[in-house]
1. How many nm is it between the label spots at T395 and E163, if each spot is 7 Å from the Cα in line with the beta carbon?
2. Would any residue of the range 155-175 have its amide N under 15 Å from a label point 7 Å out along Cα→Cβ of K137? List them or say none.
3. With a 1.4 Å probe and all protein chains left in place, how much accessible area per residue does the range 29-229 have, in Å²?
4. For the range 360-411 and the range 167-187, what is the separation of their Cα centres, given in Å?
5. So which trypsin sites (Lys or Arg not before Pro) in the range 151-237 end up in coil per DSSP with only 14 or fewer other C-beta atoms within 10 Å?
6. Using Cα pairs closer than 8 Å and at least 6 residues apart in sequence, work out the relative contact order for the range 247-389, in percent.
7. Run the Debye formula on the Cα coordinates of the range 29-229, all scatterers equal and no solvent, and tell me log10 I(q)/I(0) at q = 0.08, 0.14, 0.16, 0.19 1/Å.
8. Using a Cα distance threshold of under 27 Å, what count of lysine pairs results for the chain when pairs must be 8 or more residues apart or interchain?
Amino acid sequence: MSAPTSPKSPLQAGPSHALKGRVRVPGDKSISHRALMLGALAVGETRISGLLEGEDVLATAAAVNAMGARAERTGDGAWRVVGRGVGGLAEPEHVIDMGNAGTGVRLMMGVVAGHDMTATFTGDASLCRRPMGRVTKPLEMMGAKFTGREGGLLPMTVRGAAEPLPIEYELPVASAQVKSAVLLAGLNAPGVTTVIEPQPTRDHTENMLRWFGAEVAVQDTARGRRVSLIGRPELTARDVAVPADVSSAAFPLVAALVVPGSEVTLVDVGLNPLRAGLVTTLGEMGAAIEVLNRREEAGEPVADLRVTAHALKGVTVPAERAPSMIDEYPILAVAAALAEGETRMEGLKELRVKESDRLAAVARGLAAAGVEVEEGPDWLVVRGSGGRPPKGGCTVTVDLDHRIAMAFLVLGLVSENPVAIDDGAAMATSFPGFVAVMNGLGADIK
Ligand code: S3P
């Protein structure tokens, strides 16, 4: 396990004037990881623009470099990756530290599982407590072998399969990471690898595999969404324009909704329907969000979002919607704290195994800020104030969770007294420059 490296950097956010402006938040984290990995597995030179240069994605860039692909920065968010072709990566010489990146490590385990090589992965204290069994189980069925800590935890060594077997696998949890790990291993399997997902999850891997030339078929069946990949394609290098991350845009978006008088435009936001559950939910709560300039980039829908402050009302968010907004519940809970009436969020079991136990962290933080909240095993109820500022005046422990840090700083903007976080460093994993972006819009975070 990596040792804690830097001293904590506490931050606090106080009551804010109206937020105004137009911003592009950093690139999509999910798409950035995949662009580097598929670039490494393609033949030729892939050029990426708008790559998220956050710690999570930089860990993936280092990992593909350690396996013989050449990923290098050529400018602001601009990267080139010289790939080695499907099955062409080389065994890394050192342990690979994936930092805080769950997506990075789980997808890279899929990549290694489909190669005749051995690699050892580790991560920070958060990543080393997250379950890996969900990916090792199907990857073992494909012929890979894993040795990790008790309970299937990192650090973990993957012995990849020289001849990975194509499998048909039904996901026991709604997880795009598990689906993607299986498909990435299946790239080097002779035959068709199929993943069936009872609840559809983000399909960036499928979209990008097609963009690089693989054949991926998707069918809706009685058992769920059936994704099949024909193994051993020749992936050809392509240019990838990474949209702004809707999961990062969510923070200034909710801030603009709840800080009176605000008007903010978020440009180039990736609006993949399997990611856009927050926009649907906020719409049901009465939010004024205009979706402008819809277009497509690298097989992904993109748009600009214009948001004006608006009174919100509580709603029930159904469990089926959870996969399409799984990372947005912390910030939705902040919106719910300001809404009129009760917001009930269901189907949240997966929040317990994110960068931290987010269900507990959100409930604890809201309660400390004077918001009425009730936490169940897989649900959360927030009783909103109808626009009255919550008391605030608390310090939230971030526990290496970037989204907890950002959500509670946004709460501080609409609280009577400032809300502090004990450590802002984790925000660099997904949203470097969060404080500068928010302060640029008129917030006062210091
Ligand atoms: C991701 C999938 C989600 C999400 C994570 C990114 C991805 O995780 O929470 O931030 O890029 O595939 P799960 O697959 O565990 O739901």
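1. Going by the 7 Å Cα→Cβ label model, 6.0 nm.
2. Counting backbone N atoms under 15 Å from the label point, the list is 168-175.
3. Numbers: 6860 Å² over 201 residues.
Spelled out: the 1.4 Å probe surface of the range 29-229, per residue, equals 34 Å².
4. Answer, in whole Å: 33.
5. Sites meeting the loop and neighbour criteria: R223.
6. On the way: 290 pairs, mean separation 33.4, N = 143.
It rounds to 23 percent for the range 247-389.
7. Debye output, listed in q order: -0.23, -0.73, -0.97, -1.41.
8. 25
The values are calculated or read from the model by the stated rules, or taken from the named source; none is laboratory data. What you see is a predicted model, and the numbers here were worked out from it, not measured in a lab. So basically every Cβ, Gly included, is an ideal-geometry build from the backbone, and we count neighbours across all protein chains shown. In case anyone asks, the SASA skips ligands and DNA or RNA and just uses the protein heavy atoms, side chains included. Shrake-Rupley method; radii C 1.70, N 1.55, O 1.52, S 1.80 Å.
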